[in-house]
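Below is one structure, written out as structure tokens; the observations come after it.
The values are calculated or read from the model by the stated rules, or taken from the named source; none is laboratory data. Just so it is clear, the structure is predicted and the values come from calculations on it, not from any experiment. Note that we place each Cβ from the backbone using ideal geometry, even for glycine, and neighbour counts take in every protein chain shown.
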């Protein structure tokens, strides 16, 4: 399975689960909606940033030259687009099931406005996480290089 497909499925499913949990919670505690929305947003962004940090660190550690890492931008962009559109479609289908309150949005809204918001919500924090992960790996690598003894050349 491609890396972007795994990310798209995980984050698309996480968006749908959080929207469904928020819908159930809003039905029982409607006065606490603002706090519940913020909590869902924090959970989603923290998960995305942490996966981005892991990607950035792994890319920097496995790369032979630090300035020539792999292109994680396109990987995360494909994952964000697939996750955003897929979560919008699944949320629209689940909204037809009784007792699921996901906003009663139309298909056009879910596939355009909602999907574009989710795309940005996945893509931007992921790239921030990738940058942080690469920076952390560079910092750890520079400490290791500074602690290593210099190489002695053997002239024969």
Conditions (1) under 30 Å from residue 140 (Cβ atoms); (2) surrounded by 18 or more Cβ atoms within 10 Å (Cβ to Cβ) -> residue 77 fails only (2)
Those residues of segment 88-105 that are buried (at least 17 other Cβ atoms within 10 Å of the Cβ), without any contact (Cβ under 8 Å) to a residue 40 or more places away in the chain and more than 19 Å from the chain's Cα centre (by Cα) come to a total of 2
The number of residues in segment 85-109 that are farther than 12 Å from residue 12 by Cβ and either in a helix (DSSP H, G or I) or in contact with a helix residue (DSSP H, G or I) (Cβ under 9 Å, 6 or more places away or on another chain) (or both) is 14
Worksheet item: Would you call residue 46 under 11 Å from the mean Cα position of the chain (by Cα), without any contact (Cβ under 8 Å) to a residue 12 or more places away in the chain and either buried (at least 18 other Cβ atoms within 10 Å of the Cβ) or in a helix (DSSP H, G or I) (or both)?
Response: yes
Look at residue 122 and say whether it is touching a helix residue (DSSP H, G or I) at 6+ places or on another chain (Cβ under 8 Å) and part of a helix (DSSP H, G or I). yes
Restrict the check to segment 33-43 and report whether at least one residue is at pLDDT below 90, more than 21 Å from the chain's Cα centre (by Cα) and surrounded by 14 or more Cβ atoms within 10 Å (Cβ to Cβ). no
Checked pairs for segment 106-125, first without any contact (Cβ under 8 Å) to a residue 24 or more places away in the chain, second surrounded by fewer than 21 Cβ atoms within 10 Å (Cβ to Cβ), C-beta under 6 Å and 6 or more apart or across chains, list as 107/92; 110/92
